[in-house]
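Contents: one structure, followed by commentary.
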Amino acid sequence: MNRANKHLPDIFKIFLSEWPLWLLIVAALVLGVVVYPQLPEQVASHWNYRGEVDGYSSRCWGAFGIPLLTAGIYLGMLLVPLIDPRRQNYEKFAGAYRVIKAVLVIFMTGIHLIVILSALGFQVPVDKAVMTGMSLLILIIGNYMGQFRHNYFVGIKTPWTLASEEVWQKTHRLGGRLWVAAGILGLAGTLLGGPAGGLVLALALALAVIVPFVYSYLEFRRLSK
């Protein structure tokens with residue numbers, strides 16, 4: 001029996017312990033079945049920064065696409081520790097990893113609900129709802145980012161963080177603060193609404209991504225000397 005097979009019972013236990021998450025995914029699929037006959041042939045699936053529809057999908061995708069995608073993301077995150085060469089490090093941030101899985105499932109389910117309500121004719125402030133959800137998602141991930149331990153799938157993965165655990169830890173401490181700040185700025189941008197609010201969130205997130213990338217390189221060079 002290989003090492004991955006030895007961990008399957010643990011993965012199954014985690015799956016059972018996280019029953020609210022997959023129950024939420026199942027509930028989203030059931031909602032899709034219930035409303036499917038009432039959905040139009042073309043379902044709005046993308047909105048611009050003004051909250052205007054600029055993309056459509058099929059009725060089938062509108063009803064089931066996002067829940068199936070959510071299920072795939074959740075199962076992928078459940079199985080990733082089995083194949084990561086640094087799988088033992090996942091135990092060191094198991095709590096943070098569990099929170100990240102939960103907020104992703106909740107966020108995706110919220111997007112699915114927005115799509116369904118919009119398709120059924122309800123007036124949903126899509127731009128503000130999505131911006132609020134994204135800002136909270138970024139804020140929560142940032143709050144736990146400092147707990148992430150060296151691995152190949154979760155976190156800020158640059159050549160330099162993957163090459164050095166010290167660079168990884170320092171980059172994630174900085175990145176966590178920047179992501180929290182980006183989430184807060186995104187929530188402030190939600191109050192502005194429209195293009196200005198979207199620009200605030202986009203710029204904040206861009207800085208939260210670019211600064212840790214550059215910092216990891218500079219820190220790696222400093223430690224190498």
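The values are calculated or read from the model by the stated rules, or taken from the named source; none is laboratory data. From a predicted model like this one, the values you see are computed outputs, not experimental measurements. So basically every Cβ, Gly included, is an ideal-geometry build from the backbone, and we count neighbours across all protein chains shown.
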### Query
Only one residue in Ser224, Ser164, Ser118 is in contact with a strand residue (DSSP E or B) (Cβ under 6 Å, 6 or more places away or on another chain) and among the hydroxyl-bearing types (Ser, Thr, Tyr), so which one is that?
Ser118
#### Entry: Count of residues meeting criterion [basic (Lys, Arg) and within 19 Å of Asp54 (Cβ to Cβ)] in the range 99-139
1
### Task
Would you mind stating whether Leu218 is in contact with a Ser or Thr (Cβ under 9 Å, 6 or more places away or on another chain), surrounded by fewer than 14 Cβ atoms within 10 Å (Cβ to Cβ) and of a type outside the set (Phe, Trp, Tyr)?
no
### Query
Here are Ile116, Ile141, Ile111: which of them is without any contact (Cβ under 8 Å) to a residue 60 or more places away in the chain and in the same structural domain as Val35 (by TED's automatic domain parsing)?
Ile111
### Message
Take residues that are under 30 Å from Ile83 (Cα atoms) and among the small types (Gly, Ala, Ser) and tell me which of the helices (runs of 4 or more DSSP H) falling wholly in the range 126-225 contain 3 or more.
### Response
194-224
### Residue check, Ala102 out of contact with any strand residue (DSSP E or B) (no Cβ under 8 Å at 6 or more places or on another chain), outside the structural domain of Gly155 (by TED's automatic domain parsing), within 25 Å of Gln169 (Cα to Cα) and surrounded by 17 or more Cβ atoms within 10 Å (Cβ to Cβ)
no
### Task
Go through the range 119-136 and count every residue that is without any contact (Cβ under 8 Å) to a residue 60 or more places away in the chain and out of contact with any Ser or Thr (no Cβ under 8 Å at 6 or more places or on another chain).
6
#### Entry: Selected residue (only one of Ser216, Ser224 is touching a residue at least 60 places away in the same chain (Cβ under 8 Å), within 25 Å of Gln147 (Cα to Cα) and of a type in the set (Ser, Thr, Tyr))
Ser216
